[in-house]
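Here's the structure, in structure tokens; my notes come after.
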Amino acid sequence: MNAGTTIFSQIMNFVPWRRFQTCVHRYQGDYKIKTFRCSEHLKTMSFAQLTYRESLRDIEACLRAMGVRLYHMGIKSAVSRNNLAHANETRNWRIYADFAKILIHQAKKLYVDEPLGVDLKSAVYALDASTIDLCMSLFPWAHFRRTKSAIKLHTLMNLRGNIPEFIHISDGKMHDVNFLDLLVPAPGAFYIMDRGYLDFERLYTLNLSKAFFVTRAKKNIKFQRRYSHSVDKSTGVQCDQTIVLTSYYPAKKYPEPLRRIRFFDEERQKRLVFLTNNFDLPATTIAQLYKSRWQIEIFFRWIKQNLRIKSFYGTSQNAVKVQIWTAVSTYLLVAIMKKQLKLEPSLYTILQILSVSLFEKIPIYQALSQNNIPKKETPSSKQLFLFN
């Protein structure tokens, strides 16, 4: 890359701008817009995410301090609190949602060969939701409780590379299990979920789609054992059974046999009971698959700590969704850049370096290379001391 361009401009070179303009035209995002077009809006929001800006005033002050370098970032319009707030309120959030889906598809191809930690060739997805609490007086549309508002990020994550493959933003009232109604199950894929998604009618839909699921069983589940398979208790597996449900409604909703595995986790000193419709994999592999679900918990914690999705620049539903989808796009863009440049540092380290070096005019690979990270110098044994 050209060493005369800023690191921020080099990051923006990874954006497929032609595909982005397709999303803009689809929803007429630039209709009758003469200044501060959607491309500049995306760059400004990405800048805010990468530099951890906390408010519209913060973004305006930092960008104005850049002076002529703002033009070299590709932002030719003056960025003020008013035009940025107006863009967040009026630009259709679906522009940025559709663009994030394009980046998801691109990242999925790059991370398809990432190790999973389990000897399995099938696709493995984890399902979970994360709640973001909001102030009820400022976000009355985000229904949750009588005295509190909230939104939920329902996420389907591909565990190969930890890439979010599908995200749905809802108010806090939407139950986690309803997210299963929005999925299009992939035959042969594994869907890992916790007890919040235990709904036998929806799980049976996954089974009819030739997809596999692994979930936790509730304590009050009633069943009848049909077979008990031999297990090696030294691996932590205490029992491996084929069961059928005996309660009236669960048995009606899931009329076929299930596999029940009881596993003792030595690290947490906790007994876990799994339900799955896969009868071929070893019981230890089923336990490892469920353990890998923890990656989506780490993902939620990571984006809340490193991206601006807990404090919002606007209070309308459109402004909140614009900020979330641009944050997700920024995460995916850094993940794509990391893979294409074959960078060794973690995403966390990359974001920390980018936050303080966006306007440096050095090749991005040099800025993010491990060799460029300063090391502590040790004094030479031949060094003379001035004072004893």
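The values are calculated or read from the model by the stated rules, or taken from the named source; none is laboratory data. Source: prediction; values computed, not measured. As a convention, Cβ positions derive from the backbone with ideal geometry for all residues, glycine included, and neighbour counts pool all protein chains shown.
Miscellaneous remarks
- Enumeration of residues in segment 75-109 that are among the small types (Gly, Ala, Ser), more than 21 Å from the chain's Cα centre (by Cα) and crowded, with 18+ Cβ neighbours inside 10 Å: Ala87
- Among (1) farther than 30 Å from Phe99 by Cβ; (2) touching a Gly at 6+ places or on another chain (Cβ under 6 Å); (3) of a type outside the set (Lys, Arg) - the single one Thr246 does not satisfy: (2)
- Residue tally, condition basic (Lys, Arg), over 29 Å from the mean Cα position of the chain (by Cα) and under 23 Å from Leu127 (Cα atoms), over segment 244-270: 4
- Scanning segment 29-59 for residues that are surrounded by fewer than 20 Cβ atoms within 10 Å (Cβ to Cβ), of a type outside the set (Val, Ile, Thr) and under 22 Å from Asn318 (Cβ atoms) gives Asp30, Tyr31, Lys32, Lys34, Arg37, Ser39, Glu54, Ser55, Leu56, Arg57, Asp58.
- The residue of segment 149-203 that is farthest from the chain's Cα centre (by Cα), among those that are surrounded by fewer than 17 Cβ atoms within 10 Å (Cβ to Cβ), among the small types (Gly, Ala, Ser) and in a loop (DSSP other than H, G, I, E, B), is Gly188.
- Residue selected from segment 121-148 under the condition closer than 20 Å to Leu183 by Cβ and part of a loop (DSSP other than H, G, I, E, B), by the criterion nearest to the chain's Cα centre (by Cα): Ala123
- The helices (runs of 4 or more DSSP H) falling completely within segment 1-117 that include 2 or more residues that are at pLDDT 90 or above map to 7-12, 17-26, 38-50, 56-66, 81-90, 93-110.
- The one condition from (1) surrounded by fewer than 18 Cβ atoms within 10 Å (Cβ to Cβ); (2) in the same structural domain as Val322 (by TED's automatic domain parsing) that Val112 does not meet is (2).
- Considering segment 271-291, the residues that are in a helix (DSSP H, G or I) and surrounded by fewer than 19 Cβ atoms within 10 Å (Cβ to Cβ) include one that is nearest to the chain's Cα centre (by Cα), namely Lys291.
- Checking each residue in segment 226-244 for being closer than 25 Å to Tyr204 by Cβ, surrounded by 13 or more Cβ atoms within 10 Å (Cβ to Cβ) and not hydrophobic (A, V, I, L, M, F, W, C) picks out His229, Asp240, Gln241, Thr242.
- When we screen Leu245, Leu206 for residues that are farther than 30 Å from Ser130 by Cβ and touching a helix residue (DSSP H, G or I) at 6+ places or on another chain (Cβ under 8 Å), the only hit is Leu245.
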